[in-house]
Amino acid sequence: VKDFPLEQYYRDMRIMDIYEGTNGIQSQDLLGSKVILGEGQMLKKLMVEVQKTMAEAAQYSALQEHVGTFKKVLEELGTVTQYLVGIAMKGDKEVILSDANLYMEVFSNVVIGWQWLKQGIVASKALENPADAVEDKDFYESKLHTLAFFFAYELPRNGGLIKRLMDPRIYTVLGTDKDLLR
């Protein structure tokens, strides 16, 4: 089959099972263990680091609007996390895990946004001293443009995911018939 596309199709089909399984395991571990573990201590430690970055980023005019946007996104993550943990604490942990992939997508967008803020800080510092950044000016400006793109196009996607995650009708249906999860 090496001479035909069949080999590539077979490899592609096999790897998708691995990716999907890995995503499922990682997302369930994030929501079912890491977020809840130790009454959310790991999440609280992460949020302390995120807050430090936000405070530093707020010092740069090019990042202030993004810090405001990010603050709202961070609050939304907190709201959806509390909502899902509340359901889990009622004994319906399996129910919230049915949407763990969606939660992981929201969470990962927030973490990526945090990393973009960190890059924005570095770029803003470099651009404040033009003599230091003469050769890399375009590079640092492109970092700020890409950060703006991410905040304008990717972070807003969290809104739809959070709306889905906080829809109580789904959890009521799944909670009343847990056989649907099997």
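The values are calculated or read from the model by the stated rules, or taken from the named source; none is laboratory data. None of the values given here were measured: they were computed from a predicted structure. Cβ: placed from backbone, ideal geometry, glycine included. Neighbour counts: every protein chain shown. The accessibility values were calculated without ligands, DNA or RNA, using every heavy atom of the protein model including side chains. Shrake-Rupley method; radii C 1.70, N 1.55, O 1.52, S 1.80 Å.
None of 69, 53 is open to solvent by 20 Å² or more (accessible area, probe 1.4 Å), among the hydroxyl-bearing types (Ser, Thr, Tyr) and modelled with pLDDT of 95 or more except 69. Among the residues of the stretch 115-134, those that are open to solvent by 30 Å² or more (accessible area, probe 1.4 Å) and either modelled with pLDDT of 95 or more or of a type in the set (Val, Ile, Thr) (or both) comprise 115, 116, 118, 119, 122, 134. Those helices (runs of 4 or more DSSP H) of the stretch 52-138 in which at least 1 residues are within 18 Å of residue 148 (Cβ to Cβ) and in contact with a Lys or Arg (Cβ under 8 Å, 6 or more places away or on another chain), considering only elements entirely within it, cover 100-128. If you go through the stretch 34-45 and pick out every residue that is exposed (fewer than 12 other Cβ atoms within 10 Å of the Cβ) and modelled with pLDDT of 85 or more, you end up with 3. Regarding the stretch 118-140, can at least one residue be identified that is within 23 Å of residue 168 (Cβ to Cβ) and not hydrophobic (A, V, I, L, M, F, W, C)? Scanning the stretch 118-140 turns up no residue that is within 23 Å of residue 168 (Cβ to Cβ) and not hydrophobic (A, V, I, L, M, F, W, C).
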